[in-house]
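This report refers to the structure that appears directly beneath it.
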Amino acid sequence: MTEHVDVDTNGAGAVGGRWAAGDRILWRYRDNASAGLHICRPVTVVQDTDELLAVWMAPGTECVKPVLLDGTSVHQEPLATRYTKARTTTTSRWFGTGVLKLARPGDPWSVWLFWERGWRFKNWYVNLEEPRSRWSGGVDSQDHFLDIAVAPDGRWMWLDEDEFAEALRVGLMDEEQAARVREAGRAAVRQIETWGTPFRDGWEDWRPDPRWGVPELPDDWDRTPARMAT
């Protein structure tokens, strides 16, 4: 398995610029205020093709997440000051069941699948984000605050509209970017309402290879790649 390798000319840690099933990579997000990395999740590659990158985040994975300087969870801070108080990062284990993440190249969102215990499918979650940049050790993006929850029967609802509005108010995005994010959300909704890929593709019945185990968080999880590629 490829755990953590140097950047190659293809921008991915695999022959031909693609990872193999079972390779271990990092799924990272940049902070919206500083552009420094503040979220990192070690994941295992399920599939990597020209059409789709699918990765599995196993239960118990050690992840990096943002917190306030006093250690308070970001989401415990009142919305009015959530994006203006100084932050740092900490590590914690992913609780509950694992998450399957699906991302098509160029899409300004990724689709996550959640299960209850016993593999009872819970829901899809559309995370609006910057299209991911590939590098040898994984993919980098930036979260766009607004999200969509999709129930197993296809019903959907917007999530975090208040956070999206607050991010706009405090200057973490401008009106032009906010308009692009809203349009991305509408495009994702069209995929949901027509039950396009990946919703129609049967991923809720997928199961991880039990031999994969849990990837480790490397000490240099926040290193800057020497070269990026889309």
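Connecting C-alpha atoms closer than 10 Å in a GNM of the chain, tell me which of A167, A149, A179 has the biggest fluctuation.
A179
Of M157, M57, how do they rank once you tally other Cβ atoms within 10 Å and put the fewest first?
Lowest to highest Cβ neighbour count: M157, M57.
Which of rounded, prolate or oblate describes the range 159-210 when judged by the alpha-carbon gyration tensor and an a/c cut-off of 1.5?
prolate
Could you please rank L172, L53, placing first whichever residue has the fewest other Cβ atoms within 10 Å of its Cβ?
The most exposed by this proxy come first: L172, L53.
Among D31, D143, which comes first, second and so on when ranked by fewest other beta-carbon atoms within 10 Å?
D31, D143
Once phi is turned into θ = phi - 60°, what whole-Hz ³J(HN,Hα) does the Karplus curve with 6.51, -1.76 and 1.60 give for every residue of the range 47-53, x standing for Gly and Pro?
7, 9, 10, 5, 9, 7, 10
For the chain, what's the relative contact order in percent, using C-alpha pairs closer than 8 Å and at least 6 residues apart?
20
Using the alpha-carbon centroid of each, what span in Å lies between the range 94-132 and the range 17-58?
12
At q = 0.14, 0.17, 0.22 Å⁻¹, what is the base-10 log of I(q)/I(0) for the range 73-209 according to the Debye formula with one equal point scatterer per Cα and no solvent? Please give it to two decimals.
-0.76, -1.11, -1.47
What is the spin-label model distance, in nm, from D70 to D220 if the labels are put 7 Å beyond Cα along the C-beta direction?
Distance between the two pseudo-spin positions: 3.7 nm.
Show the residues, 5+ positions off or on another chain, whose built amide H is closer than 5 Å to the amide H of W115.
Amide H neighbours of W115: K122.
Which longest uninterrupted range of the chain lacks any GluC sites (Glu not before Pro) assigned by DSSP to a loop state (not H, G, I, E or B) and surrounded by at most 14 other Cβ atoms within 10 Å?
It runs 52-215.
Bear in mind these aren't lab numbers, they're just calculated from the coordinates by the rules spelled out. All figures in this text were calculated on a predicted structure; none of them were measured in a lab. Ideal geometry is used to build each Cβ from the backbone, glycine not excepted, and the neighbour counts take in all protein chains shown.
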